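Some notes on the structure that comes next.
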Amino acid sequence: MAARQASQAINTQDITDKSRRDLLQLLEAVRGKKNLVIERSLASIIGLFVKFSTLQEYGVDKLFFLENHNVDSSQRNIVFLVQGENAKIVRTVAEQIRLVRSESKIDHDFTVIWVPRRTLVSNLILEEHGVLGEANIAELALQFVPLEPDVLSLELEDCFSDLILRKDPTPIFASARALMLLQKQYGLFPRILGKGDNAKKLADLLQRMRNEEDVNASSDPTNTYLTSFGLTPSATIENLIIIDREVDFPTVLATQLTYEGLLDEVFGVSHNQTEVDSSILGGAPAPQPQPQSGSSPAPTTATKRKVQLDSSDKLYPEIRDANFATIGPLLNRTAKRLQSDQQNIHKTDQSLSDLKSFVSKLPSHQAEQASLKTHTSLAEEITKFTKSDPFRRTLEIEQTLLLGSDGSTTHESLDELLARATPLPTVLRLLCLESCLGNGLRAREWEHFKRVLLQAYGYQHLTTLANLEKMGLFVPREANRGYLNPIAGSAGQTATEWTSVRARLQLWVEEVEEADPKDVAYVFSGYAPLSVRLVQAVLQKGYLQNLVNPPRAGAAAAAPAANGNGSGWKGFEDVLARIKGATVDVVQKGNDADASQARKTLRGNKEGPKMSLVFFLGGVTFAEIAALRFVGKQLEVADGGGRKLVIATTGVISGGRAVGVAIEKEEFGS
């Protein structure tokens, strides 16, 4: 029974169905045919839970991208589906409403659907443009979007830049709303754990929202507002672990070495899709048509093709989390198996029942063949990238830094990369990685690299360097930053003592079995992400302690996935104090202790919580997702299949996107 509950702890299909239902109800409320104007970044997100053919069934005649400025007046009803928290987008909506109104002879009905919420700023901007009274305003409270059955994402495109560069707390509020929705559905998180200043802000906001909900419940005369939410902690979710992205920049900056991670590094993956040149895929099946009208074609469809990367692919779930070094043998084994299946059908001695069985499997067989062809083509292209000299040099520098060696030993290689006009994002990732792991560069070296960067790539990147310094990614080393700093408020609040943390959490593993991994370090071929080690410090205490201090010969070792559920950070308080940012440990209890205890007794001890939710505030990499899936499998094995690990995030990020938000796009004279 416990195993069944764990597997159904968070039903991602219910979340998908609710998002689809909410959108279709809003469209259905607009009677008759309508043209839909959608923000380009939202189109792929909406495509995760509803097809364009379904939108057509609910009256959508044509679809236009907001950024194309080409809305026509063929329909009386025009619906805008855009983000309400972006002032620039809101102004574009207002301008297009005014343009259609002035140029069309039809008396149009405008509807604006804000995602995920209507804001005061959006009202003010529409009012300034004189269109607030002419549009019907609604909101689509789109919260978590399931990317996979075990991955929930808010898909906040600008979250990293908002939190790290602009210091805008809006993503924290959006995260709190989404997590509160889960609490209302599944009960209170019995324990909230986290690391980082933003994690502390999110935990505080969750508690504040809970108090507000309690007040609303007490003022409700029917006392049914919260039902079990206000009384009982969740029976299925054991704890919420919040990882502030600012705590672990090196994992983001390092090159991901899983297949899915390298797909993101080479081609870019967004909303479970990647876009590649048609020449790379050769004769692979044609891509699915995108939801757009003939009047607004995508400019890249002639040379680019979209590839869907999710569990609907027959082969992808088996290979996405593997280290890329093992992809060749995996694809080869699949090819041999499919070839063997193909040969079986040509046997002349098969019975009718055998033929019938094969024919029933034929669609699946053909889909797997198509998937194999696609991923073989993608893997070949990635292999060209990984065998290039710049990649090998870059990876060598990264591994040296992650191992804990002195960063100055890599400066000669860095200077050579600069002299060879290596792409700016690649160079910045290496410099930022050294800066983060060393809590800054020596002042003389910092000035040297700033000067060389400006001379090599242009003086417009003065803004880039200023942004990176503001984000804390590329900074000079200061004497008053670090562990046990007498000037700082408390130890570990200003900088991470990486040397100590690396040793105490075993962030570097010398012997890594990539084909048959025994530790999460396989995702970076030696480096274990700090973020994942923090999760293991909660869920796999025995395993992590044995990894750091191996038991002596003859001594009994802890189980490979021994966990310490219910004890929070216990046993790792000292190392947490050496990591920058606040430490969060909050226990949530029901308002009525007697009622909570009674409900717990009725459920029985064997019906206890069996799932942990890991939330990344600021984004998660595909390598971290692969590592956490590896941890989840270990937990399931140790608990007899009764435990599950679900990953939630504000969005998916990579090193290129992280430094990309700081890079100045304009040039002098442009």
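The values are calculated or read from the model by the stated rules, or taken from the named source; none is laboratory data. Just so it is clear, the model here is predicted, and its values are computed rather than measured. Cβ atoms come from the backbone with ideal geometry, glycine included; neighbour counts cover every protein chain shown.
Results for (1) touching a Lys or Arg at 6+ places or on another chain (Cβ under 6 Å); (2) buried (at least 20 other Cβ atoms within 10 Å of the Cβ); (3) β-branched (Val, Ile, Thr), shown as yes or no for each residue.
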| residue | (1), (2), (3) |
| --- | --- |
| LEU55 | no, yes, no |
| TYR58 | no, no, no |
| LEU63 | no, yes, no |
| ASN70 | no, no, no |
| SER74 | no, no, no |
| ILE78 | no, yes, yes |
| VAL82 | no, yes, yes |
| ALA94 | no, yes, no |
| ARG101 | no, no, no |
- Query: For the range 652-670, does any single residue satisfy the condition of being touching a strand residue (DSSP E or B) at 6+ places or on another chain (Cβ under 6 Å), among the basic types (Lys, Arg) and at pLDDT below 95?
  - Reply: no
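Any idea which of GLU478, GLU513 is modelled with pLDDT of 90 or more and part of a loop (DSSP other than H, G, I, E, B)? First the steps, then the outcome.
On the way: GLU478 fails: modelled with pLDDT of 90 or more.
When all the criteria are applied, what remains is GLU513.
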- Within the bounds of the range 28-35, is there any residue that is in a helix (DSSP H, G or I), in contact (Cβ under 8 Å) with a residue 40 or more places away in the chain, buried (at least 18 other Cβ atoms within 10 Å of the Cβ) and not basic (Lys, Arg)? no
- Query: When both residues are 6+ apart or on different chains and their Cβ atoms are under 9 Å apart, which pairs have a first residue that lies in the range 77-91 and is part of a helix (DSSP H, G or I), and a second that is surrounded by fewer than 23 Cβ atoms within 10 Å (Cβ to Cβ) and aromatic (Phe, Trp, Tyr)?
  - Reply: none
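Do you know which of the residues in the range 619-651 that are assigned to a loop (DSSP other than H, G, I, E, B) and at pLDDT 95 or above is farthest from PHE524 (Cα to Cα)? Reasoning before the result, please.
Step one: filter the range 619-651 for residues assigned to a loop (DSSP other than H, G, I, E, B), giving 619, 621, 639-643, 650-651.
Next, only the ones that are at pLDDT 95 or above stay: 619, 621, 650-651.
On the way: GLY619: 18, THR621: 12, THR650: 23, GLY651: 21 Å.
Applying the filter and picking the extreme gives THR650.
Tally time: how many residues in the range 387-399 are among the hydroxyl-bearing types (Ser, Thr, Tyr) and surrounded by fewer than 18 Cβ atoms within 10 Å (Cβ to Cβ)? Give the derivation first.
Initially, the range 387-399 is screened for residues among the hydroxyl-bearing types (Ser, Thr, Tyr), giving 388, 394.
Retained after the next criterion (residues that are surrounded by fewer than 18 Cβ atoms within 10 Å (Cβ to Cβ)): 388.
Counting residues in the range 387-399 that are among the hydroxyl-bearing types (Ser, Thr, Tyr) and surrounded by fewer than 18 Cβ atoms within 10 Å (Cβ to Cβ) gives 1.
Could you check, for the range 363-378, whether at least one of its residues is under 30 Å from CYS436 (Cβ atoms) and not charged (D, E, K, R)? If you could, list the steps in order and put the result at the bottom.
So the first thing to find is which residues in the range 363-378 are under 30 Å from CYS436 (Cβ atoms), and the list is none.
Checked the range 363-378: no residue is under 30 Å from CYS436 (Cβ atoms) and not charged (D, E, K, R).
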- Task: Report the residue count in the range 271-326 for those that are at pLDDT 90 or above and assigned to a loop (DSSP other than H, G, I, E, B).
- Result: 11
- Checked PHE80, PHE65, PHE49 against criteria (within 22 Å of LEU182 (Cβ to Cβ) and aromatic (Phe, Trp, Tyr)); the one match is PHE49
- Query: Has the range 516-525 got any residue that is exposed (fewer than 14 other Cβ atoms within 10 Å of the Cβ), part of a loop (DSSP other than H, G, I, E, B), modelled with pLDDT under 90 and not aliphatic (A, V, I, L, M)?
  - Reply: no
- Note on the structure: When restricted to ILE242, ILE237, the only residue touching a strand residue (DSSP E or B) at 6+ places or on another chain (Cβ under 8 Å) and modelled with pLDDT under 95 is ILE237
- Message: So, in the range 114-159, exactly how many residues are over 30 Å from ARG320 (Cα atoms) and part of a strand (DSSP E or B)?
- Response: 7
- Query: Name the pairs whose Cβ atoms lie under 6 Å apart, with the first residue in the range 396-420 and free of Cβ contacts under 8 Å to residues at least 12 places away in the same chain and in the same structural domain as LEU430 (by TED's automatic domain parsing), the second crowded, with 17+ Cβ neighbours inside 10 Å and assigned to a helix (DSSP H, G or I), and 6 or more positions between them or separate chains?
  - Reply: THR400/THR410
